[in-house]
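Notes follow once the structure below has been shown.
Please treat every number below as a calculation from the coordinates, not as lab data. Only a predicted model underlies this, so the values are computations on that prediction, with no experimental measurement involved. A quick note on method: Cβ atoms are made from the backbone with ideal geometry, for glycine too, and the neighbour counts reach across all protein chains shown.
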Amino acid sequence: MRVLVIEDEHKIASAIKKGLEQESYAVDVAFSGNSGYDLAVSESYDLIILDILLPEMDGIEICTKLRAESIHTPILMLTAKGQLKDKVTGLNAGADDYLVKPFAFEELLARIKALTRRPKEILGSTLIFDDLTLDTLKYEVKRGGRIVQLSSREYAILEYLLRHANRIVTKDQIIGNVWNYDADVLPNTVEVYIGYLRNKIDKAFPKSLPLIQTIRGFGYKLGAED
């Protein structure tokens, strides 16, 4: 497995490289946007770890240009803590997932493994699971071809679940990735919004299989019942 790390903070880049090499990954590192972009278009990688704030060419521009050139290598984007706008911009530019700094190496490794084994469920700007689709550019959700009206918060939670389909996510993970960093959100709030989503995504389509599962003691999972 070959990974490209584009990160201008040498200490972070070196730590990622060392950790991944211990997991038997082959790792190339670029410390600037231009050098990272040149490697991404000239070499073959299984995954790109891409920081947003880079000298010469930022991560958003790199991501946009790679997708425009039909380079569909999975991209895990690194963002500054609490910068929700950067996350949204990065995902809309074509990134497959994001991770907020600072992060534990174990979480980075888990995200990498999930991205590299993920089937092609993402077509352009559209996330697909079963008969459920979410267009990240039009902010449009459909099930069975029928439009589903969601609030902005419901939409954000559903997008997070879709991007982590078939994986258990905790309430804390949902809070940390959907609400602002300094928001005062209780775990019960997540339960309420999951209930809203179930009503609109599952209960409103009684002929379709329920997709939003509660994994008691752990969290939630978007996927067919086991």
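For this structure, a couple of remarks:
- Leu137, Leu20 arranged by Cβ crowding within 10 Å, fewest neighbours leading: Leu137, Leu20
- Spin-label pair Glu106/Glu43, simplified geometry with 7 Å Cα→Cβ offset, distance in nm: 3.0
- Taking His72, His164 and counting other C-beta atoms within 10 Å, the order from fewest to most: His72, His164
- Approximating the spin labels as points 7 Å out from Cα along Cα→Cβ, the Ser32-to-Ser151 distance works out to 4.8 nm.
- Spin-label pair Glu21-Thr126: with each label point 7 Å from Cα along the Cα-Cβ axis, the two points sit 4.3 nm from one another.
- Taking the charge dipole of the chain about its Cα centre, with +1 at Lys and Arg Cβ atoms and -1 at Asp and Glu Cβ atoms, the residue from Gly219, Leu158, Ile201 reaching farthest to the positive side is Ile201.
- Judged by the gyration tensor of its Cα atoms, with axes a ≥ b ≥ c, segment 7-119 is rounded; a/c sits under the 1.5 cut.
- At an R0 of 25 angstrom, the distance between the Cβ atoms of Asp8 and Ser70 translates into a FRET efficiency of 0.40.
- Charge tally around Gln173: other residues with Cβ under 12 Å, Lys/Arg +1 each, Asp/Glu -1 each, net +3.
- Fewest-first ranking of Phe105, Phe205, using other Cβ atoms within 10 Å as the exposure measure: Phe105, Phe205
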